[in-house]
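First comes the structure, then the notes that go with it.
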Amino acid sequence: AHPAPQPAVVPREKWLKGAKHRRAPVRYADPVEAAFIHHTNSPNGYDCADVPGIIREVYAAQAGGRHWDDIGYNFLVDRCGTVYEGRAGGTGRAVVGAHAQGFNHHTVGIAAIGVFTAGVPVPKPMTDAIAAVVAWKLGMSDVDPRSMVRLVSSNSLSRFPKGTSARLHAVSGHSDGYSTQCPGAALAAELPAIRKAAARLQGR
């Protein structure tokens, strides 16, 4: 086994602050076999002290405006490298998110707060924190972050028809499984380094 330590995670109660939208029962799907990296497509020039409010806005847009059952991402990471719990259900458990159409089961969704299209700098504290979450969550299942995995699509709205066994990176960008610009070209370019950093944290 190649476990990695759990990074510090700010609990969702710190950003939720009483905001509440109707939420269905939490679903679980063990084991976590892959991570999908996203960006929130929100402004970059924020003060990290304001991040709880930014996450509440994402929550309101997804669970309120789109009537999702909760915020879609399992974790969110800010430019200062702080990791926040997103979706309810327990940070140490394999919570089914709403972040990767067709591939929500057996995956973890990690969102970088900001927009990271081509040419936008990606802060190193952010990529370091993403790597730490990846190493921890995939380490529970002894998945090498540098590896390829097989995931079965549950929805034909993904890049793969429902029931298709897709070969994907254990650490993929959202656009690898769904037709989208997320996580942005700049953050996508950081994925190889994130995979290597996560593997080092697992002692590989």
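The values are calculated or read from the model by the stated rules, or taken from the named source; none is laboratory data. Remember, predicted model here, so these are calculated numbers, not experimental data. Please note: Cβ atoms are built from the backbone with ideal geometry, for glycine as well, and neighbour counts cover all protein chains shown.
Scan (1) of a type outside the set (V, I, T); (2) within 17 Å of the chain's Cα centre (by Cα); (3) part of a loop (DSSP other than H, G, I, E, B) for the single condition F36 breaks and write down its number.
Evaluating F36 over (1) of a type outside the set (V, I, T); (2) within 17 Å of the chain's Cα centre (by Cα); (3) part of a loop (DSSP other than H, G, I, E, B) leaves (3) as the failure.
Taking the residues in the range 104-138 that are part of a helix (DSSP H, G or I) and either out of contact with any helix residue (DSSP H, G or I) (no Cβ under 8 Å at 6 or more places or on another chain) or aromatic (F, W, Y) (or both) as candidates, determine which candidate is surrounded by the fewest Cβ atoms within 10 Å (Cβ to Cβ).
K124
Run down A100, A131 and say which single residue is closer than 18 Å to K196 by Cα, in contact (Cβ under 8 Å) with a residue 24 or more places away in the chain and small (G, A, S).
None of the other options fit; the residue is A131.
For (1) of a type in the set (S, T, Y); (2) touching a helix residue (DSSP H, G or I) at 6+ places or on another chain (Cβ under 9 Å), each residue gets a yes or a no:
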{"site": "Y46", "(1), (2)": "yes, yes"}
{"site": "P52", "(1), (2)": "no, yes"}
{"site": "E57", "(1), (2)": "no, no"}
{"site": "A60", "(1), (2)": "no, no"}
{"site": "A63", "(1), (2)": "no, no"}
{"site": "W68", "(1), (2)": "no, yes"}
{"site": "L76", "(1), (2)": "no, yes"}
{"site": "G81", "(1), (2)": "no, yes"}
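Only residues that are in contact with a helix residue (DSSP H, G or I) (Cβ under 6 Å, 6 or more places away or on another chain) and more than 21 Å from D47 (Cβ to Cβ): list them for the range 83-101, please.
A100, the sole residue that qualifies.
Output yes when any residue across the range 93-100 is modelled with pLDDT of 95 or more, farther than 21 Å from P7 by Cβ and buried (at least 24 other Cβ atoms within 10 Å of the Cβ), and no when none is.
Yes: one or more hits.
Scan the range 184-204 and give yes if some residue there is in contact with a Cys (Cβ under 7 Å, 6 or more places away or on another chain) and closer than 24 Å to N41 by Cα, otherwise no.
Within the range 184-204 (the criterion being in contact with a Cys (Cβ under 7 Å, 6 or more places away or on another chain) and closer than 24 Å to N41 by Cα), the answer is no, since none of the residues qualifies.
Which of the numbered conditions does A35 fail, given that it passes all the others? Conditions: (1) more than 27 Å from V149 (Cβ to Cβ); (2) in contact with a strand residue (DSSP E or B) (Cβ under 9 Å, 6 or more places away or on another chain).
Failing condition for A35: (1).
Hey, any hits in the range 157-168 for a residue that's closer than 11 Å to E33 by Cα, touching a residue at least 24 places away in the same chain (Cβ under 8 Å) and either touching a Cys at 6+ places or on another chain (Cβ under 8 Å) or not basic (K, R) (or both)?
Yes: the range 157-168 contains one or more residues that are closer than 11 Å to E33 by Cα, touching a residue at least 24 places away in the same chain (Cβ under 8 Å) and either touching a Cys at 6+ places or on another chain (Cβ under 8 Å) or not basic (K, R) (or both).
Any residue at all in the range 51-68 that's touching a residue at least 40 places away in the same chain (Cβ under 8 Å), of a type outside the set (F, W, Y), in a loop (DSSP other than H, G, I, E, B) and buried (at least 17 other Cβ atoms within 10 Å of the Cβ)?
Scanning the range 51-68, I find no residue that is touching a residue at least 40 places away in the same chain (Cβ under 8 Å), of a type outside the set (F, W, Y), in a loop (DSSP other than H, G, I, E, B) and buried (at least 17 other Cβ atoms within 10 Å of the Cβ), so the answer is no.
Take G97 and tell me if it is under 25 Å from G53 (Cα atoms) and either touching a Gly at 6+ places or on another chain (Cβ under 8 Å) or part of a helix (DSSP H, G or I) (or both).
Yes, satisfied.
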